[in-house]
Amino acid sequence: MLENNKIKSKGSAAGVPIYCAFDKVVEIGEVKQNPKNPNQHPNEQIELLAKIIEKQGWRAPITVSKLSGLVVHGHGRLMAAIYAGFSHVPVDYQEYKSEAEELADLLADNRIAELAEIDEKMLAELFSDIDAGGIDLDLSGYTDDIVTALVDTITEEPEIIGEVPFSEVLREEHNYIVLYFDNEVDWLQAQSLFALESVNSLSTRKDGKITDGSVRKGLGRVLKGVEALEEIRVAYQCKLS
């Protein structure tokens with residue numbers, strides 16, 4: 001892990017170091033949020049973001065459109081600065097051809113991040129590499145409880161209650177049909193024919209842990225087709241061709 005305790009900032013805004021590129025340090029009252037921004041920022045997020053900026057400095061500026069004079073990127077950072085009581089913030093001014101182009105960029109800034117997928121195993125490994133004693137894990141955006149649960153999920157084998165006697169694993173290359181029953185009589189006949197028994201299923205929790213609320217009772221089975229046909233043939237004493 002790279003460590004450098006003597007890093008140089010590019011400036012300062014109200015005593016908070018600025019490490020990102022920016023055009024100007026602006027009085028916070030002059031920076032206007034876009035009222036059309038659909039992204040909502042809960043108090044918990046704003047408080048955490050304020051803490052990160054206070055501890056880490058400015059790693060990204062607030063982007064303002066030269067066309068409208070409104071914020072395009074960084075509404076959350078602006079709200080965090082207001083919450084923290086900062087008097088000034090770093091601003092990056094950008095050109096836009098039209099209001100439509102500006103709004104599209106605003107929406108993309110919110111949407112693109114939502115499309116990302118987290119590899120939880122890799123994330124847990126990253127946290128394992130971080131010296132928890134040398135840095136407040138809140139600065140990563142994750143609380144201690146979340147980090148602990150995440151690491152435990154990856155490193156611990158989930159407890160399984162009972163056995164789930166699936167006779168076959170359903171794979172994409174298998175041909176299969178799905179049967180459903182809309183009345184109790186037919187369903188009871190199917191249970192008897194295929195010897196279906198109620199058993200404890202696997203946990204429905206993402207971390208795989210078993211709790212009273214995560215255990216489900218189920219009768220679903222994946223049956224090998226040829227064996228199911230044989231059961232039907234024997235039960236009804238008929239020849240299937």
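The values are calculated or read from the model by the stated rules, or taken from the named source; none is laboratory data. All values derive from a computational prediction rather than experimental measurement. Glycine also receives a Cβ, built like all others from the backbone with ideal geometry; neighbour counts cover every protein chain displayed.
Points to keep in mind about this one:
- Among residues of the range 11-50, those that are at pLDDT 95 or above and of a type in the set (D, E, K, R), counted: 5
- Check on residue 90, of a type outside the set (S, T, N, Q) and touching a strand residue (DSSP E or B) at 6+ places or on another chain (Cβ under 7 Å): yes
- Within the range 79-90, the set of residues being surrounded by fewer than 21 Cβ atoms within 10 Å (Cβ to Cβ) and within 29 Å of the chain's Cα centre (by Cα) comprises 79, 82, 83, 84.
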